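K.L.:
Got a structure here, written out as structure tokens. Questions coming.
Nothing in this text is a laboratory measurement; each read-out follows from the coordinates by a stated rule. Predicted, not measured: the structure shown is a model, and the values here were computed from it. FYI the Cβ positions are ideal-geometry reconstructions off the backbone, even for glycines, and counts take in every protein chain you see.
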């Protein structure tokens, strides 16, 4: 039993609220336990210079936290005048992960910006961002399809992300902040609806981890991703039907 | 009659939701029409260098917009590497306005940071920030008082802010984005519960305005502030009773 | 009687010296008491991107202080690597104010840059900058007209600025640094020759101010602006005759 | 057979040249195929603020490439005025990885800076940096031990890093630049002498990868790390004998 | 004969106006032909970290140009967010040159800041800055001596600077902007009252120069420095008498 | 006799190793005593904006030190977010010096970037950079000539640089770090194969220097440059034959 009474293989309560910001082409408030992230999708009818004339689109992401998303206040990166290494790592991860399930040629020469703004943090903000941003992106693509700008939603699969770790010797799924602070290993896994890996990032800073611990964590991640993709489908409702079928 | 069917002297619907972010000492989601701002108050047990040893506290504010708070996406200031002139003006205004009703000596040598993050914008974001931040600040002060760190809430009065302008020849109260775009004059007024002025900032960029127009706008502002302070009192509930009485 | 023996409604001695810098299209050294500002006007034959092809011109301003313009030395903003919030507020104010009396269409697709560099400061540097920059701008426009690039000087009115405040309970005009430091209210007013308001920025940081005090200050400002515009006309000499008549 | 005639499980030629820079406490030129990195270790007798008084030391790393380490010239980050997201990710990775085998308490309140400067790049620069920096760090620690500042070398294990990937359908070890460019999956693995994982970072940006591919890559990585640690021991010579025994 | 009718060995008209800015401890407007520089000296009662506790003082300089000091407008370095290489070179030069004639131990643990702000440029701004800053510095030191903070003015000699070059085959002294633009060699020389060299910076970018040309330029520089130091003494009046005697 | 047993007019051992970095069009590791600099030449088929359409090419240089090139570690300029004044001075000097012997019209509209990265420093890094960069540049030009992009190597002369100074009263050639630290005068001289001056930069910060000392240093510099150019020719081998003959 974990502190918050979850089983080792149990994710936190997840709520995905669509159309949260009226201006955006897609927007979601994703709540995972006490972690809350606003994910918006913006369609821009151009691509970065390296793709101009290529017939391909692009997906990019930005990530930020409100100063008081955390127990103590963090200085704004705008005030500091630069984006931290941690933020850059996370936004590169989110963009890369989402691109893996997008048919960029099918998207055409346009960019979808995913903005993930954490308004309250309790562990797992980067994985919640990926899971929520997928839904916002699907909504933006659906809007393009409904307006006739796209023939169909250019997604090749579903995609979600979850953290796993080893806490007090036990591999557990979807760590909250307290668990994360005391975890020996911290691993983020991004997987598709088909059960393929998109990203594995595991770190054993304080103590290295064994091949057996790795295998247990990968199994838990697979379970968690399965649950999260079910939540995404429920939230997307009839839009889910227009995304490439997933077994 | 205005486009959204309001009368010239009518403010938009206002909702002030307290305790919106669990980590902050005070936090509010203020909704004014379609404008939504998260205001958090953070207590820091130290003051800026120029006040050390003075026995006085400090109030400071930061303001930001999510990239997609607006109809088209704005680049993040953290990405640009600097805070814009507009943002600096606004956060200086918010801090200055709030300080005017705080007994800084009564606060003691601590700082309250007010973070105003606009998640959806439809005009009047700076005035909504001031009105909402006042409530978050009062909550943070109340918490300090309840913990025994303060004898009483060091507020000398209520404080709210509203915009006024001249749209199609008519002075109107609390402009939304469409009205603001076509206004000949744009003025922000910050007033106390006692009806004293704290800030007046009026600009007639395209066309200068007459002394008569100024007087009409000041009257409307007074009405609007009165309504907003009533909303603040309702939201604060029993905490309102612990703030210096206002007629 | 004030410390420097002026009456409450009396501005300081004003000297406007034209053609102060040989390279600039317009240049002025304005002296207001002990405040001295070099204002230069530069004509650039292009406009910012948002105006290209619009047929309209643009007026923009920059403001700075020499490090030792003040009693103690200020670090240069170039050395700090960024422009302060105060500087940004002031340069936005100067540009906005000057644009209000310019027929931007009449100016054609060109930009006039106004650089206001304070070489000695004793209060009222932003208002002296506006008053002086108006003259430098008129000179630059006159030069364009003389060269045949403009049919006439595209000014719709005169423009000047002055500060007002409440010092030791008395509303006074054109505060010097000592008065400004002890003022309860500090207000800057920009007005046209016709007596219309262009900007009102009043702040009662330490103590809010009453509607009556506001009215007294507005009256003083009107008197001061009247005196300053007379000084501008005297300085401009025959060029004054080519500016739209003002009663 | 691979383009450069290596077998899938074969690393490139590795040369580790110690004492490459005369001023540094430890310094190495590591050559892995055509990738060359200068790694220096600097001992600083203080720790970052968050560790002051803790009795613990710190290991931190910086990474950079000479502008012409690559086929086309890269602009310097100093000239751009900021460190890229890629550089930040890599230097965070190097520092984290090295810390995992250091007894920070045994190191005492001092910092070891590892500077990894790529002078020629042909794939695998971050893994070569980790493998080389380990040796430079061991040398710096040995120097401290010889001077009597440390009782013994505070290392708990050896540490090396290698890349693995799937190229043209085949899992391969230690990819050079050409292979890396065409790889479907790119994974970096950091392991200890005991065969424990310290970091796993795998990305399938273009195509997700299967659990089977993951297992094959992990096996290859284990072989590669084994070979690299043998090279480290050979290079360290008698210093190797003073590091915690590894089977 | 030169374009402005000067002889090859003739400097331009020089005017040194002391006490130009009322707040500064020393301040000068130096006019050399059409080049005008405001030099202020600020005394700060502390030294940079590397001199704390050393008993020595420090002299440092900053240099800037108003945007319209030149025929076309230059963007402000504060707006660009960084100081250019040219500016850094010049301010390092000015500081280094002035320090060469200061008895830093005699100055005690205080810093004198010399700010050189070019308000109008016509060649030779860096040499005019040095020549003018020397006088402002002497005035600030004299003030310290008069207040009893210093026993005597801690200057070991006079110091001035001048440019020399080869224009249309002829070595000439004190180049104005037009001459400078067409000069084959550009050299700045800083010398003491005793005729010792403090700095020689000669550049033959377009065409290298011969040893003979070098000797001719050095002779001209000596003459020019002699004239400039005479001007400094005249300007300093009775203060000149308190500076170490120079033949 | 000097500390390292050299005669006053003796340069340190110089080794110029060509083709040090495989990717660059020209690359050299120059070793001067214990100073080691990697110089690479990169050909870019475009010129800066101010030369577009002029038919002329451009030569530009960048300079940096590895953090541990020096006895104590220097913070990276990329980490600081800006290039120091010293670095800017040096890279401007290197570029200017090299341009003096290049027929920019003969080079055509292309840029050669010279990157000088000091990997170990023991005095004279800027002069070693110039001497080494000349060889890397010649190699890059030779490559262009061999590919038929240039008719001939567009060099008008050889070029090298050396430092001279006055140490313990004696003028000496090619100072190492220890000598440099105790030198009364520090002068860098850049000369052509024909014995013409390109740059002279001499500084007597602590003590001014006499005309006689200047002449002695210039003589030593001439000898040193002669020796260095001989080393360049030896290193260039048959490429030397294709450079304009030098007596």
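K.L.:
Name the nearest-to-axis residue of chain E, judged by Cβ distance to the rotation axis taking chain E onto chain C, and quote that distance in whole Å.
P.N.:
Residue nearest the E-to-C axis, with distance in whole Å: E:78, 2.
K.L.:
Let me ask something additional. How big is the range D:152-247 along each principal axis, measuring the range of its Cα positions in Å and listing the largest first?
P.N.:
Computed over the range D:152-247, the largest-to-smallest principal extents equal 47, 24, 17 Å.
K.L.:
Consider a paramagnetic label point 7 Å from the Cα of residue A:194 along Cα→Cβ; state which residues of the range D:172-192 have an amide N under 19 Å from it.
P.N.:
D:183-186
K.L.:
May I pose another question? In degrees, nearest 10, range 0 to 90: what is the angle between the Cα axis of helix F:211-236 and the longest Cα principal axis of chain F?
P.N.:
So the inclination is approximately 40 degrees.
K.L.:
Can you sort A:180, A:139, B:157 by how many other beta carbons sit within 10 Å, fewest first?
P.N.:
Values: A:180 15, A:139 24, B:157 20.
Lowest count first: A:180, B:157, A:139.
K.L.:
As a footprinting exposure proxy, order E:88, E:217 by other Cβ within 10 Å, with the fewest listed first.
P.N.:
Fewest to most other Cβ atoms nearby, the residues stand as E:88, E:217.
K.L.:
Can you give the mean number of other chain Cβ atoms that lie within 10 Å of the Cβ atoms in peptide D:38-45? Please report the intermediate quantities before stating the final value.
P.N.:
Working: counts 6, 1, 6, 2, 5, 1, 2, 0.
The mean count of partner-chain Cβ atoms within 10 Å per residue comes to 3.
K.L.:
What value, in deg cm²/dmol to 500, does the helix sum -39500 (n - 2.57) over DSSP H runs of n ≥ 4 give at 222 nm once divided by the residues of chain F?
P.N.:
Numbers: 6 runs with 77 residues, N = 247.
-10000 deg cm²/dmol, from helical runs alone.
K.L.:
Also, quick follow-up: Simple spin-label model, 7 Å along Cα-to-Cβ: residue A:105 to residue E:34 in nm?
P.N.:
So the label points at residue A:105 and residue E:34 sit 6.4 nm apart.
K.L.:
Label-to-label distances across copies for residue D:234, with labels 7 Å out along Cα→Cβ, in nm, shortest first?
P.N.:
Taking the point 7 Å beyond Cα along Cα→Cβ, the inter-copy spacings are 3.5, 5.9, 8.1, 8.1, 9.3 nm.
K.L.:
Once label points are set 7 Å from the Cα along Cα→Cβ at both residue E:184 and residue C:170, what is their separation, rounded to one decimal in nm?
P.N.:
Result: 7.2 nm between the two label points.
K.L.:
Still on this structure: On average, how many beta carbons from a partner chain sit within 10 Å of the beta carbon of a residue in F:21-28?
P.N.:
Values: counts 8, 7, 11, 8, 2, 1, 4, 0.
That works out to 5 on average.
K.L.:
Across 10 Å bins from the origin, how do the percents of Cα pairs in the protein assembly as shown run, short distances first?
P.N.:
1, 7, 13, 17, 19, 18, 15, 8, 2, 0
K.L.:
Exposure proxy check: E:13, C:117 ranked by fewest other beta carbons within 10 Å?
P.N.:
Working: E:13 11, C:117 25.
By the 10 Å Cβ count, ascending, the order reads E:13, C:117.
K.L.:
A further question follows. One decimal, nm, shortest first: give the distances between the label point of residue E:170 and those of the same position in the other copies, each label point 7 Å from Cα along Cα→Cβ.
P.N.:
4.6, 6.6, 8.0, 8.0, 9.6
K.L.:
Rounded, prolate or oblate: which fits the range E:1-149 when a ≥ b ≥ c are the square roots of the eigenvalues of the alpha-carbon gyration tensor, with rounded for a/c under 1.5 and prolate only if a/b beats b/c?
P.N.:
Details: a/c = 2.06, a/b = 1.51, b/c = 1.36.
Judged from the Cα gyration tensor, the range E:1-149 comes out prolate (a/c at least 1.5, a/b above b/c).
K.L.:
Moving to a separate point now. With no solvent and one equal point scatterer per Cα, compute the Debye intensity ratio I(q)/I(0) for the range A:96-197 at 0.13, 0.22, 0.24 Å⁻¹ and report its log10, rounded to two decimals.
P.N.:
Summing over Cα pairs of the range A:96-197 leads to -0.55, -1.11, -1.23.
K.L.:
Another one. Subtract the Cα-Cα distance of residue D:54 and residue D:74 from 0.36 nm times their separation in residues, and report this length gain in nm to one decimal. Can you show the working numbers first?
P.N.:
Details: separation 20, 0.36 × 20 = 7.20 nm, distance 4.08 nm.
Extra length from residue D:54 to residue D:74 when fully extended: 3.1 nm.
K.L.:
A follow-up question, please. Count the DSSP beta bridges whose two residues both fall in the protein assembly as shown, then state the antiparallel fraction as a percent rounded to the nearest 5. The partial results should precede the final answer.
P.N.:
Numbers: 262 of 310 bridges.
Among the beta bridges of the protein assembly as shown, antiparallel pairing accounts for roughly 85 percent.
K.L.:
How large is the convex hull of the Cα atoms of the range E:14-242 per residue, expressed in Å³ as a whole number?
P.N.:
On the way: hull volume 30.0 nm³, N = 229.
In the range E:14-242, the Cα hull volume divided by residue count equals 131 Å³.
K.L.:
Next up: What Kirkwood radius, in Å to one decimal, follows from the Cα pairs of the range B:1-84? Intermediate results must be reported in sequence, preceding the final value.
P.N.:
Details: mean 1/r = 0.0607 Å⁻¹.
Computed over the range B:1-84, the radius equals 16.5 Å.
K.L.:
Is there a simple number for the mean count of other chain Cβ atoms within 10 Å of the Cβ of residues in F:205-213, and what is it?
P.N.:
Working: counts 7, 3, 4, 15, 4, 4, 7, 0, 2.
Average per residue, whole number: 5.
K.L.:
For the Cα atoms of chain A, what angle does the longest principal axis make with the long axis of helix A:125-146, in degrees from 0 to 90, nearest 10?
P.N.:
20 degrees
K.L.:
May I pose another question? Taking a label point 7 Å out from Cα toward Cβ, give me the nm distances from residue E:80 to the same spot in the other copies, shortest first, one decimal.
P.N.:
Those separations, rounded to one decimal, come out as 1.8, 2.0, 2.0, 2.0, 2.8 nm.
K.L.:
What is the distance in Å between the Cα centroid of the range D:167-234 and that of the range F:212-233?
P.N.:
If you average the Cα positions of each part, the centres end up 55 Å apart.
K.L.:
Return the Cα extents of the range E:1-47 along principal axes one, two and three, sorted largest first, each rounded to a whole Å.
P.N.:
50, 23, 11
K.L.:
Using only the Cα atoms, what convex hull volume per residue in Å³ does the range C:54-141 have?
P.N.:
On the way: hull volume 8.9 nm³, N = 88.
Considering the Cα atoms of the range C:54-141, their hull volume per residue is 101 Å³.
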